[in-house]
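Structure, as structure tokens:
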Amino acid sequence: MSQNPDVIVIGGGVIGLAIADALARQGVSVTLLERGNCGREASWAGAGIVQSGSWHRRDPLVQMQRESVRLYESFAADLRERTGIDPEYIRCGSLEVLLEDQHYRMARSEVKVAAAFEQDYGRKVLELLTPQQTQASEPALTHDLLGAKCCPMTGQVRNPRLLQGLCAACRRGGVEIVENCGVERLRIQNDRVTGVQTPQGLRSAAQVILAAGCWSSLLDERLAKVMPVLPVRGQIALLKMPTVVLQHVIERGRTYLVPRRDGHVVVGATQEPEAGFDKSVTAGGIGGLLGLATRLVPGLAPAVLVQTWAGLRPGTPDGRPYIGAVPGLTGLMAATGHFRSGLTLTPLTARIVADLILRGQTAHDISRCLPGRELENRLAASAGV
């Protein structure tokens, strides 16, 4: 084991692995420490949706999200070429089903705003479909709808395969991956982080990157003050049909249906910040998801319920991730709290953090994502708690 790498990455989820890979490709010696097995927490539990966010928004975070979506095809292709593992990224598009007048009016307003982006993308980025157009696009959908908001930019990736590819790329690039090695605390000398303490002993490094998901702010009491991260349970169900019944990601509020090439359909997800670190699956949570899924797609009623699970997404009070240097703790960089956008923001987050480590700056505006910013508790408000 390398006891003194250039960088220690805490956390082996999709963000931590992508950062480790990006740094190793630039000649940086990296050790990645994972408390369990790599990629088995929020990164594995998600549905793999890659989407651009609301077109009403123009803030720096949504601009980052859109750029990351643009990077995804080359990101996945490069990983496939280097490792032989295909993350199965496809730009399948999404349909948000519109059932009420208010949602229809909101969608129509967003489509008008989105027209300003057509020149940048060389195509429409959002369309409002009539009921007839919606049925023609997705015949399995319910007929009881007012239309659908169609975003052709939305993609999906098989997140377990993406994680396998990133692990393989890291190992081939010389990253030392140490699994089942939880970090007990940061080693701090004169307000500088010089390494971490693990059950296997002390690990030192010039730079430490914190990408430990919803466990990120538990390593030091100062972290809870400048970058609080909290777990938000999301329950998910996996269905199986004998044939493919959907082509697009289907959305209704926070609920989504993601069709796979092999006939599986991922249905998610609840949003439960009140559950804490409890990953239990509940009858009410799964029942609500399946009830809405079969209402939107009646043909799913005979589908086989293959599996259910829950993941803990790393939420922040204001819904924005922490990316950048942690104030008051020199040598510590944060890349965590991505909540529902972790898979989408992976390529760009890795690029930004690598730039910060190697060049001390980034061309992207991360001012609203910096640790230590003033926070509002929007997550609890949006969850109704």
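Here are some notes:
- Residue-wise HN-Hα coupling along region 309-314, computed from phi with Karplus coefficients 6.51, -1.76, 1.60 (Hz; x: Gly, Pro): 7, 9, x, 10, 7, x
- Over region 2-159, Cα pairs under 8 Å with separation of 6+ residues give a relative contact order of 25 percent.
- Amide H contacts under 5 Å for Leu370: Ile323, restricted to partners 5 or more places along the chain or on a different chain, H placed in the peptide plane at 1.01 Å from N.
- Close amide H contacts of Ile209 (hydrogens built in the peptide plane, cut-off under 5 Å, sequence separation of 5 or more or a different chain): Ile8, Val9, Ile10, Met333.
- Qualifying GluC sites (Glu not before Pro) in region 49-100, where qualification requires a DSSP coil assignment and no more than 15 other C-beta atoms within 10 Å, comprise Glu100.
- Cα long-axis angle, helix 60-83 against the chain (0 to 90 degrees, to the nearest 10): 80 degrees
- Taking all C-alpha pairs of the chain, those more than 40 Å from each other amount to 14 percent.
- Among Met106, Met241, Met333, the ranking by other beta carbons within 10 Å of each residue's beta carbon, starting with the fewest, stands as Met106, Met241, Met333.
- Spin-label pair Gln361/Gln26, simplified geometry with 7 Å Cα→Cβ offset, distance in nm: 1.4 nm
- Cα centroid separation, region 321-336 to region 152-178 (Å): 23 Å
- The amide H of Thr198, built 1.01 Å from its N in the peptide plane, has Glu184, Arg203 as neighbours under 5 Å, considering only residues 5 or more places off or on other chains.
- C-alpha long axis of helix 14-24 to longest principal axis of the chain, angle in °: 50 degrees
- Diffusion of region 199-298 by Stokes-Einstein, at 25 °C in a medium of 0.890 mPa s and with Rh set to the Kirkwood radius over alpha-carbon pairs, works out to 149 µm²/s.
- Diffusion constant of region 249-385 at 4 °C, which comes from Stokes-Einstein with the Kirkwood Cα-pair radius and 1.567 mPa s, µm²/s: 74 µm²/s
- A simple count of charges around Asn4, restricted to other residues whose Cβ falls under 12 Å of its Cβ and scoring Lys, Arg +1 and Asp, Glu -1, yields -1.
- Between helix 159-172 and the chain: long-axis angle, C-alpha atoms, 0 to 90°, nearest 10: 30 degrees
- Over region 1-52: Rg over Rh, Cα atoms, Kirkwood Rh: 1.05
- Model label points for Leu292 and Glu376, set 7 angstrom from Cα along the Cα-to-Cβ axis, are 2.4 nm apart.
- Relative to the current alpha-carbon distance between Ser204 and Asp278, full extension at 0.36 nm per residue lengthens the span by 23.4 nm.
- Pairwise FRET efficiency - Asp86 versus Asn180, Cβ, R0 = 30 Å, nearest 0.05: 0.60
- The order of the peptides 29-36, 166-173, 10-17, 108-115 by mean Cβ neighbours within 10 Å, most packed first, is 10-17, 29-36, 166-173, 108-115.
- Spatial separation of Cα centroids for region 41-55 and region 99-125, in angstrom: 21 Å
Readers should treat all values here as calculations from the given coordinates under stated rules, not as data from a laboratory. Being a predicted model, the structure only gives us computed values, none of them experimental. Please note: Cβ atoms are built from the backbone with ideal geometry, for glycine as well, and neighbour counts cover all protein chains shown.
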